[in-house]
Each structure stands twice: as structure tokens, then as C-alpha cells.
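What follows draws every value from the coordinates through simple rules; no lab data is involved. Everything numeric here is computed off the predicted structure, so don't read it as measured data. Cβ sites come from the backbone with ideal geometry, for glycine too, and all protein chains shown count toward neighbours.
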Amino acid sequence: SGEILKTWFSSVNYQAARTQPQLPLLKRKQEYQLSLVFECQPENGVYTKITFFDRYGDILEKKVEKVKDFIFTYPEDSYTYQVSLLSAGFESLTFYHFSIKEIRSV
């Protein structure tokens, strides 16, 4: 358990990787909702980790969630972030997609 199944990146070294970033740019101090769509047996067989990095690539903050929908705030000093899907021990997993939506302040 705890094995990383997939990681998505907000920033990549294009020269080295020849790929585009896989995550949207986020605004600092803004609240967002991350929603995952998947089928898993047992239901709590996967969890999500979001990691925020500063301009030097050092970890600022990590958030680990065992639910499909959760809210997070993009840290003020964050320059990049990544989202990882981790195994908590499952029999079957069908992953469809996830979304990151800005939460509007009222």
C-alpha cells in the first residue's frame, strides 16, 4: 500500500520531457475543489496526494485525502504542484478522470 499509481504535474521541463504540463495553472491563495471519478473495490482502496513546491522545487506542503472530492487552498509561495493517485490496497480500479475547479468567493 502507498504505491504511486500515477502522478500528474503542473510543470515539466519541456526540453527534457517534450510534453506539456498536465495540470492547470492555479492562483495563489485561491480555494479549489479537486474531484475524482473512479470505481474501486474496495471503495477506500485508493487515495490522493497533492504536493506543493516552492520556486526551488522544495516541498512546501502535502495533503493526503481518502475521499473523491476535497477542497484545498493553493499556497501563497507555491510555484508548482503535483497530484498523485496512490494505492491503499485494492482488487480492482477503473479510473476515469479528475477535475480541479475554482471555488468562487461569495
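In segment 37-55, the condition of being surrounded by 14 or more Cβ atoms within 10 Å (Cβ to Cβ), among the aromatic types (Phe, Trp, Tyr) and in contact (Cβ under 8 Å) with a residue 40 or more places away in the chain is met by at least one residue.
If you check GLU65 against the conditions, is it of a type in the set (D, E, K, R), in contact with a Phe, Trp or Tyr (Cβ under 9 Å, 6 or more places away or on another chain) and surrounded by 12 or more Cβ atoms within 10 Å (Cβ to Cβ)? Considered against the rule, which asks whether it is of a type in the set (D, E, K, R), in contact with a Phe, Trp or Tyr (Cβ under 9 Å, 6 or more places away or on another chain) and surrounded by 12 or more Cβ atoms within 10 Å (Cβ to Cβ), GLU65 comes out as yes. Return the pair list, or none, for Cβ contacts closer than 8 Å from residues in segment 63-79 that are touching a residue at least 12 places away in the same chain (Cβ under 8 Å) and among the hydroxyl-bearing types (Ser, Thr, Tyr) to residues that are surrounded by 13 or more Cβ atoms within 10 Å (Cβ to Cβ) and not in a strand (DSSP E or B), at least 6 apart or on different chains. Hits for this filter: THR73/GLN30; TYR74/LEU26; TYR74/GLN30; SER78/LEU26; SER78/ASP54; TYR79/SER11; TYR79/ASP54.
Only one of THR94, THR73 is out of contact with any His (no Cβ under 9 Å at 6 or more places or on another chain) and surrounded by 12 or more Cβ atoms within 10 Å (Cβ to Cβ). Can you tell me which?
The conditions single out THR73.
If you go through segment 55-99 and pick out every residue that is acidic (Asp, Glu) and within 14 Å of the chain's Cα centre (by Cα), you end up with 3.
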